[in-house]
Every structure is written in C-alpha cells, then in structure tokens.
Amino acid sequence: MRILSVVGARPQFVKLAPIATAIAGRAEHVIAHTGQHYDELMSDVFFRDLGIPAPDFNLGVGSGKHGAQTAAMLTGLEEIIEKSAPDCVLVYGDTNSTLAAALAAVKLHVPVAHLEAGLRSFNRRMPEEHNRVLTDHSADLLLAPTAEAMSHLAHEGLAKRSVLVGDVMTDVLFKVRDSLVGAAAIPPDGLNAGDYYVSTIHRPDNTDSADRLTALVAELASLDKPVLLLAHPRLLSMAQQHGIDLHKGNIRPSAPLAYLQLINLARHSAGIITDSGGLQKEAFLLRVPCTTVRPETEWVETVNLGWNVLVSEDLSRLAATVRRPTPEPTAATPYGDGHAAERTVTTLLEHFAP
Ligand code: UD1
C-alpha cells in the first residue's frame, strides 16, 4: 500500500514525524511538502531534528493571499497525486495545505484520510475553521484525536467515517519529554528556570490590527517576569508594519525555536502565553499553566481540567490570569497514550490497503 502524506506548515511537520516512523516497514510512504512554510526555522529544522525523511516533492508555493496560495497548491498537488498514484492521501490538521490536498485528491477519486479530524472552534472568522469543516466533509476517513472531536463529527452526521485514534502530537511530546528527563534547563542568558514565561503569538486576530497588537504587546511587556516571545514571521512583519517595537518592558523577542528547544524551555517556564493550538496542549501535557489569547479553543479539555485559561476581549485580565495559582494536579489523559500514530497507520491499512 502507498500512502501520500501532504504537509506544508510547521505544526504539520510535528504531526508527520510519528506517522513517518509508524509507516516505515508497513507501507510505502510518499511525502509532499507544499512549501507553505519554507524557512530554515519554520520548516527545515523540524525535518532534521525530528528525523523526518526528506519530502519526495516540494511545491515551493510560499506565502500569498489565501486564494492564490491554495490555488497554487491545488494545481501542484493534482500533478503529484497523478504521478505518485497513492492508495490514499493523508492530510493533517487545518491549514490551507490540508484543504488543498483534500480537494485535489477527492476530485481525482483518491481516498482521503484526515488526521486531527473533528476539532472545532465554532469561530467562523478563523481560516482554519473553514479548512477543518470542508476537509472533514470531503474526506473518506476521519481520524479524531479526542472524544470531543468524535462527538462533533457525530453531530455533523460523520460518525460512520470516524475513528478515535488519539493525538499524534502527544506521541511526539511524550517521546521528547522522556528524552529530556534529567536534562539541564537551558534558559537563555540571565534567566533562571521557573522564572520566565514563554509566549508565541501569530493568529491574524491578534497580529493584524495595530490597536490589538499594541495592547497585547503592552500587556506582555508589563508582566512580572521576563517573557520569551518566540516571534513567528507573521508577528514580526505585522509589528514592523504597525511600527510596534517588540523590545519593550519585560519582553525578550527571539527567533522561532526548534521543537526540542521549545519543549525544554517550556517545561521549565513559569507559564505559557500563546494563541497556538499545539502549544496549549503541550503546556497541559507538561503541566505548565497556560493562558490562551483567544476567545475559544479547540482543545477544551485543557480548560476543563484547569490548566488553560482563555483571555481575549479584556486583555487587562492577562496579568492576573498569568499569575494565578498553580492548577490542581490531574492524571487525566484526554489526548491518548502516545501511540496514536501506530493506531492511525493500522486504521489506514484496514481501510485502504489494495
Ligand atoms: C499557518 C496556518 C495556521 C498555523 C500556522 C503555524 C493557514 C490558514 N494557517 O499560518 O493554521 O497555525 O501556519 O505556523 O494555513 N512566513 C515566513 N517564513 C515561512 C513561513 C511563513 O516568513 O517559512 C511568513 C509569510 O511571509 C507570511 C506569514 O509568515 O507573511 C504567514 O504565513 P502563512 O503560512 O500564510 O500563515 P501562518 O500565519 O503561518
């Protein structure tokens, strides 16, 4: 059986890592990279550090408006699917690369499996929400990370095509966390373990309006500890466009980090402040308190179990929320047992092996 994985953006490389390992020796794996993310720091370092085989194809699509970017991917992926003739196309998460790959494949009558299916924010301003809904409804097999995601799929009439496999990012996190046990904390110069926050901000709703970004930067700058702000390219370009200096107060801006570095830094931090989906969940798995700068989250378990608090409209709540007492310990495992990738591959073989 031949599986074609299509990835393009940073979080998808993390998800691809355990899948590539789980496929090895069980099926043929072809990897296509759309080139949505293309930097050394946004792409190459993930393939290297996580031991992911080099992509067989790279479309080099790069950045652009959503329509142009998605269209370029569709054109390129159609050719790749025809050329590689896979038994199924595996798409990951909720980016423009996910939707383009799902559309290209279904039009060619090639079965599509969607990994991380069923997540919903119910916020229709997010491009990712449209990507998720459209991908789920076109895919043939929906691989869900959580019971909550399964219930959304059932609610939309998709139960028959859905399988609960668990969360593959948890597979990666558990492995990395175990490899870091006993490893020294290496906080950047002048910082002490437990005495800094880690922050990432990249969503258009937080970066694209000058007023919003100014207010958010002011709140981060006045927090009680240094804030390592790992700046996504979108944040940098928007800050520059709006004339906002990120070197302000307690903020320490830095380039995006490789995965292992990020996890090592995060696990020794006093808290995480983010609008990233993946990092909210990683914070929970590391049992580091998280504050999410969004009105809602797809990873509701992190909030329900007390480890994540949402702050959006009223940013003046940020400082008090970040400094809240440490949440109650929990042994809950809503994201699975760290073997989601193996379950995913078994399910793909059951459904699509010729
Ligand atoms: C995309 C995904 C988002 C995901 C995020 C993770 C969509 C709609 N959004 O958002 O769901 O959470 O990736 O990072 O697919 N850039 C670089 N170098 C790169 C990549 C991007 O400089 O390697 C710059 C681009 O020029 C662009 C900006 O970053 O201005 C945004 O890139 P884009 O891929 O369009 O969207 P993201 O905001 O990264």
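Of the residues Thr326, Asn304, Thr292, the one whose Cα sits farthest toward the positive end of the charge dipole of segment 284-331, with +1 on the Cβ of Lys and Arg and -1 on the Cβ of Asp and Glu, is Thr326.
Straightening the chain between Asp211 and Ser254 buys 13.2 nm, computed as 0.36 nm per residue apart minus the Cα-Cα spacing. Taking Cα centre as origin and charging only the Cβ of basic (Lys, Arg, +1) and acidic (Asp, Glu, -1) residues, the dipole magnitude of the chain rounds to 260 debye. Neighbours of Thr98 by Cβ distance under 15 Å: Lys/Arg scored +1, Asp/Glu scored -1, total -3.
Projected onto their three principal axes, the Cα atoms of segment 44-93 cover extents of 32, 29, 19 Å, largest first.
Extension gain, Thr326-Arg26: 0.36 nm per intervening residue step, less the Cα-Cα distance, totals 103.6 nm. Applying D = kT/(6 pi eta Rh) to segment 129-202, where Rh is the Kirkwood radius over alpha-carbon pairs, T corresponds to 37 °C and eta to 0.692 mPa s, the Stokes-Einstein value obtained is 208 µm²/s.
Please give the charge dipole size of segment 205-354, origin at the Cα centre, charges +1 on K and R Cβ atoms and -1 on D and E Cβ atoms. Round to the nearest 20 debye.
On the way: 13 positive and 17 negative charges, 111 e Å.
Computed about the Cα centre, the dipole is about 540 debye.
If each DSSP helix of 4+ residues adds -39,500 (n - 2.57) and the sum is divided by the residues in the chain, what number results at 222 nm, nearest 500 deg cm²/dmol? Numbers along the way, then the final one.
Numbers: 15 runs with 152 residues, N = 354.
Computed ellipticity for the chain at 222 nm equals -12500 deg cm²/dmol.
Taking the average, over residues, of other Cβ atoms within 10 Å as the packing measure, peptides 105-116, 62-73 rank 105-116, 62-73 from highest down.
How big is the Kirkwood radius of segment 298-354, worked out from every pair of different alpha carbons and given in Å to one decimal?
Working: mean 1/r = 0.0679 Å⁻¹.
Averaging 1/r across every pair of different Cα atoms and inverting gives 14.7 Å.
Using the Cβ-Cβ distance between Glu82 and Arg48 with R0 set to 30 Å, the FRET efficiency works out to roughly 0.50.
Under a 5 Å amide H cut-off, with hydrogens placed 1.01 Å from N, Ile273 pairs with Val198, Ser199, Thr200, Thr291 among residues at least 5 apart or on other chains.
Reported to the nearest whole Å, the Cα centre-to-centre distance from segment 306-354 to segment 188-264 is 22. The peptide list 324-332, 300-308, put in order of mean Cβ contacts within 10 Å with the highest first, becomes 300-308, 324-332. Overall size of segment 105-231 from C-alpha positions, given as principal axis extents largest first: 56, 43, 28 Å.
The trypsin sites (Lys or Arg not before Pro) of segment 304-354 meeting both criteria, a DSSP state outside H, G, I, E and B (loop) and at most 15 other C-beta atoms within 10 angstrom of the site's C-beta, are Arg323.
For the chain, which semi-axes, largest first and in whole Å, follow from the square roots of 5 times the eigenvalues of its Cα gyration tensor? Present the calculation step by step, with values, prior to reporting the outcome.
On the way: eigenvalues 217, 95, 76 Å².
So the three semi-axes of the chain are 33, 22, 20 Å.
Each Lys or Arg adds one and each Asp or Glu takes one away; over the other residues whose Cβ falls under 13 Å from the Cβ of Met1, this sums to -1. The stretch between Asp224 and Ser151, if pulled fully straight at 0.36 nm per residue, gains 22.3 nm over its current Cα-Cα span.
A short reminder: the numbers here are calculations on the coordinates, not readings from a lab. Owing to the predicted nature of the structure, the values given are computational and were not obtained by experimental measurement. A quick note on method: Cβ atoms are made from the backbone with ideal geometry, for glycine too, and the neighbour counts reach across all protein chains shown.
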